[in-house]
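The next block holds one structure in the form of structure tokens; read it before the comments.
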């Protein structure tokens, strides 16, 4: 049956409500007059009529159209009868099992195989098999954005529509008898059987057993649930034909499924400590989806057992309908697939980052001055790294050799800072953002916890300030002292006036410094992810335990040194690799710009401050005061952008990986602002009350003030 009219052209000058009504009336008239047996085309035309004309995001148009259609159907019995018959044919003539066991569920092919499948099917769509209801959904909802307006329509509106459509003496008004077993119900029972077997197979995956060895030592609930599901389905089939037949112990089946959920949660928690992988992340998510789908289908059977009528199933059926439409509209969308899996993987990796981030958030004056000292050490080494970078640049090496030298200078220098216990101010945000996200995940927006979270943010800002001050306090003086010592020992200035002018221009706020500072902020964020990745890799591959098994380090260095080395690698491999690769990211950004002819460079607050010191010494401290002031303002702007970009990206990833949509941001911002207005000095220096709070925490008493919250996790 073909519908080839455009009511919008006929009623272009009429009000939108009248245009919609006339369009729906014309649709119902054509449906009632057409005697063809093409039930699929009927539903294609119906969905086309309800679909918003302007865009899928115009949900109010879809709600109005479906509501209007629901009001019109009782007055059009012929059209309602045809639609009712067409709906039943969808479930009678087409196989539904694949819709329930695969739509919206991750396949068993694996992460990379599914990625390749989605890419290939996006370029060359698969052949539609009309025998399967799953494939017909892509024909009826043929636009990629159909799931937006389908989900936007409230469940109540969909329920009212289907309730009117199914109002028939043969179906909703009178319960089914046991003479003819419903095809749709048979498909649901078969789908549950298949899903149960899938859960059993996933539960025996070696990755799960490696994380939770108890699955081998005791009876696995994943196998036990199958032993309960199969008899339950047989009993349900028998009960439908004979309502006096016992249905079996459904409560025990629920207990088995709850145990499966408990094991799933236990494995996820252990994976945060023992490390994770793409395979394990993929397996756990697939297991969760299968268990959720089993619960949904069992809910349908449970409701049907109580009433034996279709109408009472509509609320649960509509929820499942929305899920399947969304899944089929997105089944070849690679971004959704990667987002789901990478978010889960990043959650596991950022757990360790959040724990490391705690030590970067100071709670009292002792920790505050400790941060100042470690940041000063970092500033001292950065001043020397800046001098080495200037010297490498003056050699005019081949581009690739020069880029490699820059990368090694940065990488080895940052790794040395970490090894000696120093701090780089801009390295903190990627760590502290994960700690704050963990705290947000615990509060979940509870008003009682927002005040504590505001205190955490204030301490974080104060810690960032201490780190920046510590870096700048030594990077500038050490660069000046180095220039004077070089002049005294060699009789030549370390840099000439032209180089000094160039260094000052690089930090000018009206140059490209803000953009280049943002590039450095992205590098800082990526280095945080790299550190988390190697922390996860260390635990997942059990590198410390494997190192402890080696004999030659103990024979070569001694038992005590080998144990200390193993412990150091266990606790610091992620940070060392993150710092080392951060250097390569900074050094490689400029090389990338040269290679592709792009204006790409980096600006880092500590290096820029050191360059200002070298330039001031080259000018014999005769730099105009105005130029010096605006250059120093540029250095501070570079630092602010470094911090904001890296912190924002890290916080976004950490919150997204935890599935947090923090709607109380305005309230939290107000609380932080109120703290700043009440005690602005707390953003720059810890109050004495923090000392008392920290002491009470150590003694086991309950903290009661700003310093009472400890670390941010």
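The values are calculated or read from the model by the stated rules, or taken from the named source; none is laboratory data. On a predicted model such as this, the values are computed, not experimentally measured, just so you know. When we count neighbours, we look across all protein chains shown, and the Cβ atoms used for this are built from the backbone with ideal geometry, even at glycine.
Structure summary
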quantity	calculated
Verdict on residue 49 being in a helix (DSSP H, G or I), farther than 21 Å from residue 163 by Cα and either touching a strand residue (DSSP E or B) at 6+ places or on another chain (Cβ under 7 Å) or without any contact (Cβ under 8 Å) to a residue 40 or more places away in the chain (or both)	no
Region 370-392, residues that are closer than 16 Å to residue 482 by Cβ and free of Cβ contacts under 8 Å to residues at least 40 places away in the same chain	388, 391, 392
Scope region 488-511; condition touching a residue at least 40 places away in the same chain (Cβ under 8 Å), more than 17 Å from residue 632 (Cα to Cα) and outside any loop (DSSP other than H, G, I, E, B); matching residues	497, 499
Total residues in region 590-633, condition surrounded by fewer than 21 Cβ atoms within 10 Å (Cβ to Cβ) and part of a helix (DSSP H, G or I)	15
Test for residue 578: is it within 30 Å of residue 614 (Cβ to Cβ), crowded, with 18+ Cβ neighbours inside 10 Å and modelled with pLDDT under 85	no
Any chance residue 99 is touching a strand residue (DSSP E or B) at 6+ places or on another chain (Cβ under 9 Å) and either in a loop (DSSP other than H, G, I, E, B) or crowded, with 18+ Cβ neighbours inside 10 Å (or both)	yes
Some residue of region 554-574 being crowded, with 23+ Cβ neighbours inside 10 Å and in a helix (DSSP H, G or I)	yes
Flag for residue 267 being closer than 30 Å to residue 236 by Cα and in a helix (DSSP H, G or I)	no
Extreme residue, farthest from residue 82 (Cα to Cα), among residues of region 55-68 that are modelled with pLDDT under 85 and in contact with a helix residue (DSSP H, G or I) (Cβ under 7 Å, 6 or more places away or on another chain)	57
Check on residue 514, under 21 Å from residue 425 (Cα atoms), touching a helix residue (DSSP H, G or I) at 6+ places or on another chain (Cβ under 9 Å) and outside any helix (DSSP H, G or I)	no
From 233, 189, 215, 247, residue being at pLDDT below 90 and assigned to a helix (DSSP H, G or I)	215
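A quick yes/no check of all residues on (1) over 21 Å from residue 138 (Cα atoms); (2) modelled with pLDDT under 85; (3) in a helix (DSSP H, G or I):
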{"residue": "27", "(1), (2), (3)": "yes, yes, yes"}
{"residue": "74", "(1), (2), (3)": "yes, no, yes"}
{"residue": "112", "(1), (2), (3)": "yes, yes, yes"}
{"residue": "117", "(1), (2), (3)": "no, yes, yes"}
